[in-house]
1. Please find, among V369, V358, V324, the residue that is in contact with a Leu (Cβ under 8 Å, 6 or more places away or on another chain), touching a residue at least 24 places away in the same chain (Cβ under 8 Å) and crowded, with 24+ Cβ neighbours inside 10 Å.
2. How many of the residues in region 157-214 are in contact with an Asp or Glu (Cβ under 7 Å, 6 or more places away or on another chain), open to solvent by 40 Å² or more (accessible area, probe 1.4 Å) and basic (K, R)?
3. If I go through region 520-548 residue by residue, how many of them are touching a His at 6+ places or on another chain (Cβ under 9 Å) and touching a residue at least 40 places away in the same chain (Cβ under 8 Å)?
4. Those residues that are closer than 22 Å to V184 by Cβ, outside any helix (DSSP H, G or I) and in contact (Cβ under 8 Å) with a residue 60 or more places away in the chain, I need them from region 629-657; list them, please.
5. Return the residues of region 344-379 that are more than 13 Å from Q411 (Cα to Cα) and of a type in the set (K, R); say none if nothing qualifies.
6. So which pairs qualify, if the first residue must be in region 75-91 and crowded, with 17+ Cβ neighbours inside 10 Å, the second must be part of a loop (DSSP other than H, G, I, E, B), the Cβ gap must be under 7 Å, and the two must be at least 6 apart or on different chains?
7. Give region 144-196 a look and list any residue that's over 30 Å from G498 (Cβ atoms) and among the aliphatic types (A, V, I, L, M), or say none.
8. Would it be correct to say that D553 is among the acidic types (D, E) and within 33 Å of the chain's Cα centre (by Cα)?
Amino acid sequence: MRRRIAEALAQLLAIAITVWLSPGVRADHWWSYVTATALVLAVSWALRPLLAAFARRFGWAGAAVTALFAEAVILGLALAFTPGMHVETLWQLILASWIYGAVAAALFWVVGASSDDYLIDHAVRLARRRPAPEVDDAEGVLILQLDGVPAPVLEYELRAGNLPTIARWLRDGTHSWTEWTARVPSTTPVSQAGILHGTTENLPAFRWYDRELGRMLVANKPADAAVIEERLSNGRGLLADDGISISNLFDGDAPHAQLTMSSLENKGRALGPSGSYAAFLTHPTGLARAVTLTLGEMIKELFQARRQRRQGVEPRIHRGGPYVALRGVTNVLLRDLNIALVADAMLSGRKVIYADFVDYDEIAHHAGVTRPESLASLYGLDRVVGSLEALAARAELPRRYRIVLVSDHGQSQGATFLQRYGVSLADFVSSHVGGGAVAVDEQEGEARGRVRSLIEGLGESLPARVVARAVPPTVPDAAAGSADAPGIAVVGSGNLGGIWFTDSSSRLSLAQLESVHPGLIEALATHPGVAFVVVQGATGPVAVGAHGAVQLDSGAVTGEDPLADFPAARADFARVCEFASAPDIYVNSVFDPALGEVAAFEELVGCHGGLGGWQTRPLLVHPADWTVDADLSGASGLLEGAESVHRQLVRWLEALGHRADVENADAMARSAEEPSGT
């Protein structure tokens, strides 16, 4: 009730401010403001279902029109029937509606009435007017990926009392939590592939030179994500049984996908049906709120970056340019869209929902792993979880939902390689091979690619000239197999570097590398910013450090073991070195155990990809009556690798009665492939 009163008062004040600010709009009496406020509420309540139906009927074109002009229709009708209110022209009315939306969004934020519940409440109201979905009796599962959140950060913030929703779950005994071990390379595409498809085969980094295709593959580009998923999929992914993928890189064989990178190339799926976005697009202040708070988030970023500089916080990086807008979009617009889409999926009764929230990961990359702004985004995610938990308890849902939280990797902090030594990894390599080494797509982070692809996805319903202005031209892939492609591609995935000699169709051995580029391996291995390099030796992969080497297969050490500070390194790198697209040289940066710091090969203060620190320590929060199976755990007692997380989630789903059709179809397919008896 208090929230409703606060919203009504905020709307009354928003009407008054709108009339005062808008040219061509005036009120003759004080009570005209009260009447207009009441009529705005009434007209909005009456028209929202019609506007949602319009958005569904006319697809993304209808959705765009609804988002831009729905408020003008509502405000125009309300003011037209308000005695003493006057609007001179249509364009002044449209301008007034945008002013009203922005002012209302700001006021709702000030009075605390604009929580994430506004989208959920609106989604529920819209769902009541739709036919009830037909679902089975199985409980649903909502899996929320808290991208990049390290388990130690979760543990500390729980103890500090800053995550009230998750802490209440643990305190009440409804949930338990554990960490799991992300294997090298500890990146989102590798972990999501493992969690959603149960395999990370031939995924050597976030971006890599693919020898089969003869070009770079970058996991956050739709066409490349589709290629990667085609290789991974066996039709039995985590989401195959009436699941939905929301804001992920891959769809996990889900029959439904929205904002999913690998589906954006498929014009039949792309962003998903526009009607699913109705709760966001048709709310009285949905788009206006998102735009207003996005701008506010950008201003906050400028202030917080300046504060870091003034206080001399170290390590830090430059936080300007496109990142300012990227933070605003990922932490407001994409978050609101995700909430609306998850709410719609729950109200539609999807069996299993997997949604990725990149808020923390994106800020921690640029601000630092435990910096105030990064932690504030985590607190916001806790509130999102609380809102979705409240939705899961509502009677309007066609099925009950259990909630799981998982992160795909952690993050480690430190000054970058370039900051420490004044040279990038690509330039260092180039200086030892006579030039020709090219750094590939170092700043194309997963969130930036997601935002760009969202804009491109809208392009199928927007004029081409609009999309051309919104999406900057893509820089052609280096090492793409063209005549002028460089002979060496250098890629940074956090503090894990990869070096490919693209003129070779297979991985070069240590002897071949020494023959072609004598001294390169020694220069890399003895650099103070490098802990070890991994190359193919005469009898198998070998890790080489400044004072010794170790055979990854046998464990035989010559001199000092370069992997002494990295207990999991031998098995991890032995595995990835078997991949057909593994780089000729893996490079893992220096690691300071005292501070937990690494040196990223891209300009990010918080990073993940290699070994060292918290980057391989993601989290898993699950219902307390679901136990982690011992046969899936490693020697540490933890789930090791995203594939193990996948298998555990599949077992939990099967225990709820999911996936019977998936398993039956797979059994029939195997039977059909077997030769018939005589």
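The values are calculated or read from the model by the stated rules, or taken from the named source; none is laboratory data. Remember, it's a predicted structure, so these values are computed and weren't measured experimentally. When we count neighbours, we look across all protein chains shown, and the Cβ atoms used for this are built from the backbone with ideal geometry, even at glycine. Areas reflect the complete protein model, heavy atoms only, side chains present, ligands, DNA and RNA absent. Shrake-Rupley method; radii C 1.70, N 1.55, O 1.52, S 1.80 Å.
1. On the way: V369 fails: in contact with a Leu (Cβ under 8 Å, 6 or more places away or on another chain); V324 fails: crowded, with 24+ Cβ neighbours inside 10 Å.
Within the list V369, V358, V324, the selection yields V358.
2. 1
3. Going through region 520-548 one residue at a time, the tally reaches 3.
4. So the first thing to find is which residues in region 629-657 are closer than 22 Å to V184 by Cβ, and the list is 632-649.
This time we only want the ones that are outside any helix (DSSP H, G or I), so: 633-641.
If the condition is that a residue be closer than 22 Å to V184 by Cβ, outside any helix (DSSP H, G or I) and in contact (Cβ under 8 Å) with a residue 60 or more places away in the chain, then G634, S636, L638, L639, E640, G641 are the ones that fit.
5. R350, K351
6. Close Cβ pairs satisfying both conditions: V87/G24.
7. L144, L158, A160, L163, I166, A167, L170
8. No: the conditions fail for D553.
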